[in-house]
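Before any comments, here is the structure.
Every read-out reported here was derived from the displayed coordinates using simple, explicitly stated rules and does not represent laboratory data. The model shown is predicted, which means the values in this text are computed figures rather than measured ones. Here the Cβ is made from the backbone with ideal geometry for all residues, glycine too, and neighbour counts use every protein chain on show.
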């Protein structure tokens, strides 16, 4: 049994959990326009009879800090995109302007900032759960190897400490990013 590979797999799982959490933080609207706010919105196109992510069917740009421009590749789906953005409940109301949709980003109210802070905290909690799941999977693999006499008790103890260290680092990373996101939201 390769302990280093098991530890590397555990570290990789934790890194993915942290990265996923950071991506989720990126979708939170902080008063500044960002394509990540809308790119993963699911758009159901009636004429195609299918659902796609917005970024797969339109170019998304931010000409300034207060607006997002969505330019559909097929002009016929513009109304479907407008409805999907409104239904996503982001507080964005797209305005059709010729061949594109302009999405003005409203100022955040104090109430909305508090709400988004709670959402960010929930996202961080989910990220920590993912990190702990990666830790659990790694420890189970190591304990099974020890039970099957593939690694010694000393190797197991050493590896458990290393896994805990990786876990603590990942959780601290999520906490640090949460603090910065909350500070950004409170603006």
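Specify whether the C-alpha gyration tensor of the chain places it in the rounded, prolate or oblate class, a ≥ b ≥ c being the square roots of the eigenvalues: rounded for a/c under 1.5, otherwise prolate if a/b is larger than b/c and oblate if not. Don't jump to the answer; show the numbers that get you there.
On the way: a/c = 3.85, a/b = 2.12, b/c = 1.82.
Here the chain falls in the prolate category.
Express the relative contact order of the range 81-125 as a whole percentage, based on alpha carbon pairs under 8 Å and six or more residues apart in sequence. Walk me through the numbers before you get to the answer.
Working: 25 pairs, mean separation 10.0, N = 45.
The normalised contact order for the range 81-125 reaches 22 percent.
Once you order the gyration tensor axes a ≥ b ≥ c over the Cα atoms, which shape class does the range 12-65 get: rounded for a/c under 1.5, otherwise prolate or oblate by comparing a/b with b/c?
Numbers: a/c = 2.98, a/b = 1.33, b/c = 2.24.
In terms of gyration-tensor shape, oblate.
Report the full-extension gain for the segment residue 109 to residue 32: residue separation times 0.36 nm, less the Cα-Cα distance, to one decimal in nm. Present the calculation step by step, with values, prior to reporting the outcome.
Working: separation 77, 0.36 × 77 = 27.72 nm, distance 1.35 nm.
Here the segment from residue 109 to residue 32 would lengthen by 26.4 nm.
Compute the separation of the alpha-carbon centres of the range 1-48 and the range 102-167 and state it in Å as a whole number.
The range 1-48 and the range 102-167 have Cα centres spaced 14 Å from each other.
In percent, what relative contact order does the chain have, based on Cα pairs under 8 Å that are 6 or more apart in sequence?
Numbers: 240 pairs, mean separation 51.8, N = 187.
Relative CO of the chain lands at 28 percent.
With labels modelled as points extended 7 Å from the Cα through the Cβ direction, what inter-label distance (nm, one decimal) is found for residue 1 paired with residue 148?
0.8
Given a cut-off of under 8 Å on Cα pairs at least six residues apart, what relative contact order in percent is computed for the range 5-76?
On the way: 70 pairs, mean separation 16.0, N = 72.
Reported as a whole number, the value is 22 percent.
Efficiency by 1/(1 + (r/R0)^6): what FRET value for residue 64 and residue 129, r their Cβ-Cβ distance, R0 = 35 Å, to the nearest 0.05? Present the calculation step by step, with values, prior to reporting the outcome.
Values: r = 37 Å, r/R0 = 1.06.
Step by step, r from the Cβ atoms, then E = 0.40.
In what order do 80, 137 fall by count of nearby beta-carbon atoms within 10 Å, going from fewest to most? If you can, show how the numbers build up before the last one.
Numbers: 80 20, 137 15.
Sorted ascending by nearby Cβ count, the order is 137, 80.
Kindly identify the range 35-104 as rounded, prolate or oblate by the Cα gyration tensor criterion: order the square roots of the eigenvalues as a ≥ b ≥ c, call it rounded if a/c is under 1.5, otherwise compare a/b with b/c, prolate if a/b is larger, else oblate.
prolate
Given the DSSP H assignment, sum -39500 (n - 2.57) over each helix run of at least 4 residues in the chain and divide by its residue total; what's the result at 222 nm in deg cm²/dmol, nearest 500? Write out the running numbers ahead of the final one.
Details: 4 runs with 106 residues, N = 187.
Helix-only estimate at 222 nm: -20000 deg cm²/dmol.
Once fully extended, how much extra length lies between residue 55 and residue 136, figured as 0.36 nm per residue of separation less the alpha-carbon to alpha-carbon distance?
On the way: separation 81, 0.36 × 81 = 29.16 nm, distance 3.49 nm.
Gain on stretching residue 55 to residue 136: 25.7 nm.
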